[in-house]
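Colleague: This is the structure, below, for whatever I ask next.
The values are calculated or read from the model by the stated rules, or taken from the named source; none is laboratory data. These numbers were taken from a predicted model, which means no experiment stands behind them. Please note: Cβ atoms are built from the backbone with ideal geometry, for glycine as well, and neighbour counts cover all protein chains shown.
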Amino acid sequence: MDSHHSYSQVKGVSTGTTILAVKFNGGVIIGSDSRASMGESYVSSKTINKLIQVHDRIFCCIAGSLADAQAVTKMAKFQLSFHSIQMESPPLVKAAASIMRELCYNNKEELQAGFITAGWDRKKGPQIYVVSLGGMLLSQPFTIGGSGSTYIYGYVDAKFKPDMSLEEAIQFSTNALALAMGRDNVSGGVVHLVVITEAEVKHVVVPGNKLPKFHDE
Amino acid sequence: MSEELFPEPEWLSEEVKTGTTIIAVTFDGGVVLGSDSRVSAGEAVVNRVMNKLSPLHDKIYCALSGSAADAQTIAEIVNYQLDVHRPRTQYHRTFNKDVILLTSPDDNVVVKQKKKQHLHEIGHILNAFEFDKAWDRTVLRKIKEKVPHDLSIEVEDDPLVCSAATLVKNISYKYKEELSAHLIVAGWDKKKGGQVYATLSGLLTSQPFAIGGSGSFYINGFVDAEYRKNMTKRECQEFVVNALTLAMGRDGSSGGVAYVVTIDKDGAEEKCVLGNELPKFFDQ
């Protein structure tokens with residue numbers, strides 16, 4: 001069997017992780033697990049929040065080196081707030097994603113982090129953008145990332161439907177994250193979900209004992 | 001000069017691997033095995049229609065993954081060894097196994113060495129070889145009648161799935177350093193019905209379902225979520241085909257057609273599901 005390198009080869013704290021974002025009827029859900037690990041065997045934090053708010057209705061989640069990700073999101077947050085003051089209106093999700101992409105692309109040699117940017121804006125409603133390691137920007141109806149995502153590709157391919165309701169989307173995200181956490185040893189802890197709609201931003205936390213159980217548990 | 005213009009293609013020197021997806025699932029009354037059909041050597045696909053489900057016996061199949069040569073060889077060796085379970089077979093120099101005496105399953109007791117020796121002395125036990133070599137089935141039946149009713153003889157007409165899996169495991173473990181193949185053994189026998197055994201690197205474990213190969217990483221979540229105990233035969237076949245389709249959709253080294261084998265008490269049924277008949281999922 002091929003040896004399968006599913007963790008990022010970074011030193012220091014890395015978020016071997018599972019992140020996802022899903023568009024539903026009226027908004028987006030962005031979610032992640034909560035484990036930060038050093039190498040494969042030490043969990044340096046059980047309850048880290050990987051969902052970072054860069055503006056009122058725009059969130060980012062990070063996979064890869066935690067240090068790189070924090071630096072990039074801090075810079076992006078600053079640039080975005082400046083941009084929105086100049087524009088005198090809330091920024092577009094695409095603008096936030098573009099800022100991340102510029103930073104990733106221009107520093108692609110040094111950085112080792114990928115991002116999912118999701119949010120709501122007045123122009124196009126709910127959107128999801130994924131900025132990958134080298135700086136590619138892509139818009140998708142749902143996306144998964146991080147080391148634990150390989151295990152749930154089959155599940156999300158089979159189960160995703162466009163235009164789900166809020167409850168279905170929450171169930172879909174929780175199930176997908178629970179399955180990935182069940183198989184990936186560098187993902188775990190609790191499930192953090194943020195639901196972003198025009199009206200509000202709601203943070204949902206599903207602790208370990210309330211996660212859905214599957215056939216072997 | 002000509003070598004620079006036309007360098008030898010990489011796949012001629014790359015090892016041939018079945019980067020693959022294999023899956024075996026038990027259902028109420030049997031098992032279903034499935035595999036894709038792609039064999040790759042580095043980046044090239046060298047065979048797009050290989051059937052990776054290899055028969056070990058009438059009702060026992062194994063699914064191959066890892067290095068193609070290693071996996072095929074293990075399967076052939078075990079197929080050869082299990083031929084002992086066919087009536088009137090040839091004498092094998094290398095295979096040597098005592099008849100194992102078991103007490104009746106209700107007793108839950110393991111027969112002690114002394115008792116075995118005693119039975120040997122009074123002429124009840126012989127080597128499995130000598131059994132097959134010298135006598136045909138009518139004599140075997142007469143011997144069984146003479147043996148006390150609370151003892152039974154293991155060498156039956158059909159091998160247990162567990163025996164086949166153990167033979168595979170023995171080879172995998174003994175040559176662990178040299179071989180790199182992972183076989184999933186599944187089948188049906190009278191004693192325990194449908195069973196699936198995973199034999200990764202010499203481990204032997206019985207599971208309700210097993211997945212293997214490079215494509216299996218992508219469907220871990222799907223099979224965890226969708227597997228249910230005691231499915232019907234139909235549901236199980238659909239489950240296997242769905243899982244294979246999803247894996248082939250994401251894994252670069254799995255693809256082609258899906259081969260499905262269903263084994264129950266009536267025998268084994270092979271089926272091939274072509275690419276355009278595979279189910280479709282959400283795609284942008």
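Colleague: Does B:Lys169 satisfy the condition of being of a type in the set (Lys, Arg) and surrounded by fewer than 20 Cβ atoms within 10 Å (Cβ to Cβ)? Give the steps one after another, and end with the answer.
Modeller: On the way: of a type in the set (Lys, Arg): yes; surrounded by fewer than 20 Cβ atoms within 10 Å (Cβ to Cβ): no.
Against the criterion (of a type in the set (Lys, Arg) and surrounded by fewer than 20 Cβ atoms within 10 Å (Cβ to Cβ)), B:Lys169 does not qualify.
Colleague: I'm checking my understanding of the structure. Among residues of segment A:151-187 that are in a helix (DSSP H, G or I) and polar (S, T, N, Q), which one is nearest to the chain's Cα centre (by Cα)?
Modeller: A:Ser173
So that you can scan it fast, the table gives a plain yes or no per residue for (1) within 13 Å of chain A (Cβ to nearest Cβ); (2) modelled with pLDDT under 90:
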{"position": "B:Trp11", "(1), (2)": "no, yes"}
{"position": "B:Gly19", "(1), (2)": "yes, yes"}
{"position": "B:Thr26", "(1), (2)": "yes, no"}
{"position": "B:Gly34", "(1), (2)": "no, no"}
{"position": "B:Ala41", "(1), (2)": "no, yes"}
{"position": "B:Leu53", "(1), (2)": "no, no"}
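Colleague: Within segment A:176-189, track down each residue that is at the interface with chain B (Cβ under 7 Å from one of its Cβ atoms) and among the charged types (D, E, K, R).
Modeller: A:Arg183
Colleague: Tell me whether segment A:194-204 contains one or more residues that are more than 9 Å from chain B (Cβ to nearest Cβ) and out of contact with any strand residue (DSSP E or B) (no Cβ under 8 Å at 6 or more places or on another chain).
Modeller: Looking for residues that are more than 9 Å from chain B (Cβ to nearest Cβ) and out of contact with any strand residue (DSSP E or B) (no Cβ under 8 Å at 6 or more places or on another chain), one finds at least one in segment A:194-204, hence yes.
Colleague: Take segment B:182-230 and flag every residue that is free of Cβ contacts under 8 Å to residues at least 60 places away in the same chain, within 11 Å of another protein chain (Cβ to nearest Cβ) and among the small types (Gly, Ala, Ser).
Modeller: Within segment B:182-230, B:Ser201, B:Gly221, B:Ala225 qualify.
Colleague: Right, here's the next one. So which residues in segment A:130-144 are more than 14 Å from chain B (Cβ to nearest Cβ), within 12 Å of the chain's Cα centre (by Cα) and either of a type in the set (A, V, I, L, M, F, W, C) or surrounded by 24 or more Cβ atoms within 10 Å (Cβ to Cβ) (or both), if there are any at all?
Modeller: A:Val131
Colleague: Which is of a type in the set (Asp, Glu) and surrounded by 18 or more Cβ atoms within 10 Å (Cβ to Cβ), of A:Asp68, A:Asp56? I'd like the intermediate steps shown before the answer.
Modeller: Working: A:Asp56 fails: surrounded by 18 or more Cβ atoms within 10 Å (Cβ to Cβ).
Just one listed residue meets the conditions, A:Asp68.
Colleague: How many residues are within 11 Å of chain B (Cβ to nearest Cβ) and among the hydroxyl-bearing types (Ser, Thr, Tyr) if we restrict to segment A:145-175?
Modeller: Residues meeting the conditions: 6.
Colleague: Ok, one more. Can you name every residue in segment A:151-208 that is crowded, with 23+ Cβ neighbours inside 10 Å, modelled with pLDDT of 90 or more and of a type in the set (S, T, N, Q)?
Modeller: Once the filter is applied, which keeps residues that are crowded, with 23+ Cβ neighbours inside 10 Å, modelled with pLDDT of 90 or more and of a type in the set (S, T, N, Q), segment A:151-208 yields only A:Ser173.
Colleague: OK, next. Could you please tell me which pairs satisfy a Cβ distance under 8 Å, a separation of 6+ or placement on different chains, a first residue in segment A:191-217 that is over 25 Å from B:Glu226 (Cβ atoms), and a second residue that is of a type in the set (Lys, Arg)?
Modeller: Short answer, once both residue conditions are applied: A:His192/A:Lys50; A:Val194/A:Lys202; A:Val195/A:Lys202; A:Ile196/A:Arg57; A:Glu198/A:Arg57; A:Val201/A:Arg57.
Colleague: Here is a follow-up. If you go through segment B:238-277 one residue at a time, how many are closer than 19 Å to B:Asn47 by Cβ and hydrophobic (A, V, I, L, M, F, W, C)?
Modeller: 10
Colleague: Tell me, please, whether a residue that is among the charged types (D, E, K, R), in a loop (DSSP other than H, G, I, E, B) and surrounded by 24 or more Cβ atoms within 10 Å (Cβ to Cβ) can be found in segment B:229-243.
Modeller: No: zero hits.
Colleague: Considering only residues that are in a loop (DSSP other than H, G, I, E, B) and touching a Lys or Arg at 6+ places or on another chain (Cβ under 7 Å), which ones fall in segment B:244-281?
Modeller: B:Ser253, B:Ser254, B:Gly255, B:Gly256
Colleague: For segment A:97-135, name all the residues that are among the aliphatic types (A, V, I, L, M) and within 23 Å of A:Pro162 (Cβ to Cβ).
Modeller: The answer is A:Ala97, A:Ile116, A:Ala118, A:Ile128, A:Val130, A:Val131.
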